[in-house]
Amino acid sequence: MSTPTTVPTPRGIVPINPVASVSDTATPLSVLPHILLFLVLILAFYPPPGPFHLRGVVVIVLVGILEWLCTVSPWPPNVGDTRPMKYGLASSWIFVLPVIQRLLISRPEKDFWRIDEGPNPGPPPKNWSFKKLGWSVSLFSSPRAVGWNFGSRKVNAQREEIRRARVALFQGTAGQIAASGSDIKRGELKFPRIQFVVTRLARAFGCYLLWDIVMLANQKVVLPSEDEWWSWDNQIMVRILWLEVLMGVTVWVGMNMQFDTAAADWPPLFGSILDCYTVANVWGKFWHQYMRQPCLGTSHFLLQHFNRLLNCLRLHQIPAHSLFAYFFHLITAFSISSFFHVLSLAGVATGYTPVRGIISNISLFFMVQPFAAVFESAVSAGYDRFIVRNLVRQVGGLKDRSSEEQGHDLKGNGQVHSFVDRGNANGAGDSANITPATTTATTSITPTTTPSTEDTENLIPQTDKERYHRRRHAVLFWSAVLGRAVGYLWVTFWFFLTGRWFLRPYIDVGITSWGLPISFADWLLLPDGCR
């Protein structure tokens, strides 16, 4: 056996134990668990279901054993340039979780079908047929369930838009060929796949170059020590914020390097950054939706059975669309995400940092996110109900109409309109019921029920309606602008504060010292003396 070699350590990180050389650890058999895990996952839906979810139980047992073997496998070595590869293989849970969830909770052959088949799909593919093999591979290869009946409505809507755009391009090209008098038949025309492939390759190269620049910038940042990590010193806070930004860009760029030959089945992974004015929007609209379907599917399944238990105990059930159900779904989703992030980091933690530190930091980061989302929901509801609606009532002119305007209404309409601000909790009613009277009668007001907004507007003269709508529109517009501005500041502060829990384990395992196999940024941006 050879003598253990000296391993370059990440900046500021000293390995706990010496790491053996590659020749002492990596063997051909150490690659086998990774190959078998891929084969089990891709063929997970191919065998017959069997009684009592037997297929799912067998697959989960095999996946659990293989995942553990992959985590402890010495290949790829947790040394030097192969560490990013080891972490990438440990992140296979993105495909593992959907397979487990679909096998245990659902009956795939009966419950799942492609939406292209319509609302009444045909019979499921026959067991052990090539058609079922293709069906199994297709179901495995779409963690987001794009194009499947159980997929997200938003993702499937994006898929439909892409398909329509391709059809429009196809029809336009076919029309040009027909107008030119070419002999090519319309049915023989193909979609511009070469253009799509070239575009995707150019996009992948751009992402790779940006990824390379970010990784290079990571290596240039002076890392705060563990004692300085929660310091409020301005320079240290700027460095931590910069590291968090680089970390987010690294994940965004790395995951956007996905490539697929069927454009319609691969909608964008990330949403618009303009939606990041709430923590809930960051996770629900902007961030990648790989885990949305399996996490929500699991959460709905657990909530359904939890409500059955409450019903058996004769206790109140959790309403489906209540704030408690929302919190239950968030807790379930972030618990699952926390577990698998810890599992990924555990594969590269050996010799660098204790796993218990990873568990505590990652768990804290993910488990505080549901509280922020629920807090935002309560604040947003209160803001709309007690501030925006009151401003609409006051600025709209319904409450403070002058006596001259009321006298004008008396003479012109033969009745008096009196408006009483009832100030109910829902903010729905701005006026009380009004009993019309003649010019000689006494005006009577009966505050029994609150009329609807439409009834209220019918009582306002046309000039007052126009003024009301102008002021109402201005109030709503500037309230939304103020809400967005405050929201962006809140989200920045929240992730700057909680992101330290998420970032610390990655720094401890030395991710800031990692690089890409081929560095174009190193060659393009750095002078010869600095490489």
Problem set entry | Selection from the stretch 115-137 of residues that are out of contact with any helix residue (DSSP H, G or I) (no Cβ under 8 Å at 6 or more places or on another chain) and surrounded by 15 or more Cβ atoms within 10 Å (Cβ to Cβ) | 132, 133, 135
Exercise. Within the set of pairs 6+ apart or on separate chains, which have a first residue in the stretch 38-58 that is under 22 Å from residue 141 (Cβ atoms), a second that is surrounded by fewer than 13 Cβ atoms within 10 Å (Cβ to Cβ), and C-beta atoms under 6 Å apart?
Worked result: 48/127
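Out of contact with any strand residue (DSSP E or B) (no Cβ under 9 Å at 6 or more places or on another chain), free of Cβ contacts under 8 Å to residues at least 24 places away in the same chain and not in a loop (DSSP other than H, G, I, E, B): which single residue out of 236, 240 fits that description?
Numbers: 240 fails: free of Cβ contacts under 8 Å to residues at least 24 places away in the same chain.
So the residue among 236, 240 that is out of contact with any strand residue (DSSP E or B) (no Cβ under 9 Å at 6 or more places or on another chain), free of Cβ contacts under 8 Å to residues at least 24 places away in the same chain and not in a loop (DSSP other than H, G, I, E, B) is 236.
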For this session: Might you check whether a residue that is open to solvent by less than 20 Å² (accessible area, probe 1.4 Å) and under 18 Å from residue 373 (Cβ atoms) occurs anywhere in the stretch 305-323?
Result: no
For this session: Go through the residues of the stretch 112-135 one by one and say whether even a single one is among the β-branched types (Val, Ile, Thr) and in contact with a Phe, Trp or Tyr (Cβ under 6 Å, 6 or more places away or on another chain).
Result: no
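Just one of 155, 146 is open to solvent by less than 20 Å² (accessible area, probe 1.4 Å), within 22 Å of residue 266 (Cα to Cα) and not in a helix (DSSP H, G or I); which is it? Talk me through it step by step, then tell me what you get.
On the way: 155 fails: not in a helix (DSSP H, G or I).
When all the criteria are applied, what remains is 146.
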Exercise. If we keep just the residues of the stretch 122-143 that are assigned to a loop (DSSP other than H, G, I, E, B) and among the hydroxyl-bearing types (Ser, Thr, Tyr), which is nearest to residue 289 (Cα to Cα)?
Worked result: 142
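Considering each of 205, 196 in turn, give the residue that is among the aromatic types (Phe, Trp, Tyr), surrounded by fewer than 17 Cβ atoms within 10 Å (Cβ to Cβ) and either at pLDDT below 85 or over 28 Å from the mean Cα position of the chain (by Cα) (or both).
Details: 205 fails: either at pLDDT below 85 or over 28 Å from the mean Cα position of the chain (by Cα) (or both).
The conditions single out 196.
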Exercise. Within the group 277, 383, 352, 326, which residue is of a type in the set (Ser, Thr, Tyr) and modelled with pLDDT under 90?
Worked result: 383
Seminar exercise, completed: Output for Cβ contacts, cut-off 6 Å, separation at least six or different chains, first residue without any contact (Cβ under 8 Å) to a residue 60 or more places away in the chain in the stretch 147-159, second open to solvent by 10 Å² or more (accessible area, probe 1.4 Å), reads 148/112; 149/113; 149/115
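Any idea which of 181, 187, 172 is loosely packed, with under 11 Cβ neighbours inside 10 Å and at pLDDT 60 or above? Even if it seems obvious, please write down each step before you answer.
Working: 181 fails: at pLDDT 60 or above; 187 fails: at pLDDT 60 or above.
The match here is 172.
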Problem set entry | The one condition in (1) out of contact with any Leu (no Cβ under 9 Å at 6 or more places or on another chain); (2) touching a residue at least 60 places away in the same chain (Cβ under 8 Å); (3) buried (at least 17 other Cβ atoms within 10 Å of the Cβ) that residue 81 fails to fulfil | (3)
Seminar exercise, completed: By residue number, the members of the stretch 216-262 that are more than 25 Å from residue 289 (Cβ to Cβ) and open to solvent by less than 50 Å² (accessible area, probe 1.4 Å) are 216, 217, 218, 221, 223, 224, 229, 231, 236, 237, 240, 243
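The values are calculated or read from the model by the stated rules, or taken from the named source; none is laboratory data. Keep in mind that this is a model prediction, so the values were computed, not measured. Note that each Cβ is placed from the backbone with ideal geometry, even for glycine, and that neighbours are counted across all protein chains shown. Remember, those area values only see protein heavy atoms, side chains included, never the ligands or the DNA or RNA. Shrake-Rupley method; radii C 1.70, N 1.55, O 1.52, S 1.80 Å.
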